[in-house]
Amino acid sequence: MIMEEQIYKVLIIGSGPAGFTAAIYACRANLNPVLYEGMQPGGQLTETTRIENFPGYPEGVDGNDLMEDLRKQAIRLGADIRFGAVTKVDFSKRPFLITVDDEKVVMAHSVIIATGATARYLGLESETRFRGQGVSACATCDGFFYRGKTVAVVGGGDTACEEATYLATLAKKVYMVVRRDVFRASETMRKRVESTPNIEVLWNHNTKEVLGDSSGVTGVRLLNNKTGNVYDLPVDGFFLAIGHHPNSDVFKEYITTNPEGYIVTEGKTSKTNVEGVFAAGDVQDPSYRQAVTAAGSGCKAGLDAERFLACYLPTL
Ligand code: NDP
């Protein structure tokens, strides 16, 4: 195992809007941050197409372009951006020890966790095959392509209801595939679905297979788990809305998470239960999960790290 000698003031883990914004603020505070990009440089936005809801882009912006701009901004201000995924941490004492790619240990006085969350998929081979060709886990990103078409949304939670009602404004018909005979979603969201005429809920249904050809998704094979009936439903798009998995596993030995694995932060701050470790973006946000809210929380983490270092290590 290689051990770097230098102790960094701030080490940022993750390269989505939260990580890069934290890096921008840390640079501006002269903290010379090091940022490890993780398994998916640029984060979830690199999987999307056009982003219409990030403020400051009147014509919208391509997800990859936005992330590349954020990256360039952090580099211009002095951030040390590195390839590599954090595979282990030791937060038991300062300086903290962070293992990268199981081969190198880096030391830091403070750490900002911005590792994001990953959309859950059903685990079907056909679902993987058609990912990006009709299979999506983000209606707000990809719904635009289904104007006037027929789509299916899997899930019965708030996200599924929200995505179905959003898709219903574009698509001709939206089927919701719900595995039980009730929604998990809140009353408000349920009512919104019920009052949308072009949404049809398929209760007690499971997805057996996503069907398609070289043009992409053409349908979905469903099982009615009450009757045992299996049938094919023609659809043009298949949207997953069965929850997200926060990327917090590697920190759980030290960092408190909620039952779903989201890192718990203190009040309106980015502070975790370990002094000097902060969390920003989707890894600590089960509710909003937007690029702009992630960027906002990255700003808070950058400022919190600066204040922490000023108080506890004033000589730095
Ligand atoms: P949830 O965990 O709340 O819901 C997941 C849904 O997917 C459930 O209906 C679940 O079914 C279903 N599901 C899970 N696994 C499978 C599977 N393998 N096959 C089929 N169906 C499956 O996740 P959400 O993303 O909807 O919400 C996460 C959090 O974010 C919640 O706290 C929610 O309230 C919040 N949120 C709030 C919003 C708002 O207020 N506007 C908008 C979006 C999210 P089952 O019920 O049977 O377990």
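The values are calculated or read from the model by the stated rules, or taken from the named source; none is laboratory data. These figures come from a predicted structure and were not determined experimentally. So basically every Cβ, Gly included, is an ideal-geometry build from the backbone, and we count neighbours across all protein chains shown. Each accessible area value is taken on the protein alone, full model and side chains, heavy atoms only, with ligands, DNA and RNA left out. Shrake-Rupley method; radii C 1.70, N 1.55, O 1.52, S 1.80 Å.
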Given backbone amide H placed at 1.01 Å from N, residues whose amide H is under 5 Å from that of Val235, ignoring those fewer than 5 places away on the same chain, are Gly219, Val220
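Excluding Asn225 itself, calculate the net charge of residues whose Cβ lies under 11 Å from the Cβ of Asn225, where each Lys or Arg counts +1 and each Asp or Glu counts -1.
Numbers: positive: Arg179, Arg180, Lys208, Lys226; negative: Asp181.
With Lys, Arg at +1 and Asp, Glu at -1, the neighbours total +3.
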State log₁₀ I(q)/I(0) for the range 243-307 at q = 0.11, 0.20 Å⁻¹ as given by the Debye formula over alpha-carbon point scatterers of equal weight, solvent excluded. -0.22, -0.73
Would you work out which of Val34, Leu233, Gln6 lies farthest towards the positive end of the dipole of the chain? Charges go on Cβ: Lys and Arg +1, Asp and Glu -1. Leu233
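What stretch of the chain, leaving out the sites themselves, is the longest with no GluC sites (Glu not before Pro) in a DSSP loop having at most 10 other Cβ atoms within 10 Å? Numbers along the way, then the final one.
Details: sites that count: Glu59, Glu103.
Longest stretch, sites excluded: 104-316.
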Carbon and sulfur together cover what percent of the accessible area of the range 166-316 at a 1.4 Å probe radius? 50
Using the Cα centre of the range 1-54 as the reference point, and only Cβ charges (+1 on K/R, -1 on D/E), how large is the resulting charge dipole? Debye, rounded to the nearest 20. 200
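Mind listing which chymotrypsin sites (Phe, Trp or Tyr not before Pro) in the range 261-304 are in a DSSP loop and have 14 or fewer other Cβ atoms within 10 Å?
Numbers: sites: Tyr262, Phe278, Tyr288; in loops: Tyr262, Tyr288.
Passing both the DSSP loop test and the Cβ count: Tyr288.
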Assigned charges on the beta-carbon of Lys, Arg, Asp, Glu; the chain dipole about Cα centre (debye): 540
In the range 210-263, trypsin sites (Lys or Arg not before Pro) in a DSSP loop with at most 14 other beta-carbon atoms within 10 Å: Lys226, Lys252
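Give me the accessible area per residue for the chain, probe 1.4 Å, as a whole number in Å².
Values: 15410 Å² over 316 residues.
Here the residues of the chain average 49 Å² of exposed surface.
At 20 °C and a viscosity of 1.002 mPa s, what translational diffusion coefficient does Stokes-Einstein give for the range 59-128, taking Rh as the Kirkwood radius over Cα pairs? Give it in µm²/s as a whole number.
On the way: Rh = 15.5 Å.
Answer from the Stokes-Einstein relation: 139 µm²/s.
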In this structure, among Lys173/Lys208; Lys104/Lys268; Lys9/Lys93; Lys149/Lys226, pairs with alpha-carbon gaps over 24 Å are Lys104/Lys268; Lys149/Lys226
A correct Karplus calculation of ³J(HN,Hα) over the range 159-173, with 6.51 cos²θ - 1.76 cosθ + 1.60, θ = phi - 60°, whole Hz and x for Gly and Pro, returns 5, 4, 5, 5, 5, 5, 5, 5, 4, 5, 6, 10, 7, 6, 8
To make sure I understand the rule: partners must be aspartates and glutamates, Cα under 14 Å from the Cα of Lys252, and not fewer than 8 residues away in the same chain. Which ones qualify? Asp90, Glu260
Whole-Å semi-axes of the chain's equivalent ellipsoid, largest first, each the root of 5 times a Cα gyration tensor eigenvalue? 40, 19, 18
Report the Cys residues of the chain lacking a disulfide-compatible partner, meaning no second Cys Cβ under 4.7 Å from their Cβ. Cys27, Cys161, Cys299, Cys311
Given charges at Cβ of Lys, Arg, Asp, Glu: the chain dipole, positive-most of Thr196, Gly276, Leu124: Thr196
Which of rounded, prolate or oblate describes the range 186-230 when judged by the alpha-carbon gyration tensor and an a/c cut-off of 1.5? oblate
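Could you tell me whether the range 121-240 comes out rounded, prolate or oblate from its Cα gyration tensor? Rule is a ≥ b ≥ c as square roots of the eigenvalues, rounded for a/c under 1.5, then prolate if a/b exceeds b/c, otherwise oblate. Provide the component values of the computation, followed by the final result.
Values: a/c = 1.69, a/b = 1.15, b/c = 1.47.
In terms of gyration-tensor shape, oblate.
Could you give the C-alpha radius of gyration of the range 109-170 expressed as a fraction of 2.2 N^0.38 Å, taking N as the number of residues it contains? Before the final figure, lay out each step's value.
On the way: Rg = 14.6 Å, N = 62, 2.2 N^0.38 = 10.6 Å.
It is 1.39.
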Would you mind pulling out the separation of the Cα centroids of the range 127-198 and the range 23-66, in Å? 27
Taking only Cα atoms of the range 139-205, what ratio of Rg to Rh do you get with Rh as the Kirkwood inverse-distance radius? 0.94
Have a look at Gly155, Val210, Thr21 and report the one farthest towards the positive end of the charge dipole of the chain, computed about the Cα centre with Cβ charges (Lys/Arg +1, Asp/Glu -1). Gly155
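Exactly which trypsin sites (Lys or Arg not before Pro) in the range 173-205 are in a DSSP loop and have at most 13 other Cβ atoms within 10 Å?
Arg180
Using Cα pairs under 8 angstrom and six or more residues apart, how large is the relative contact order of the chain, in percent? Before the final figure, lay out each step's value.
Working: 756 pairs, mean separation 66.0, N = 316.
Across the chain, relative contact order equals 21 percent.
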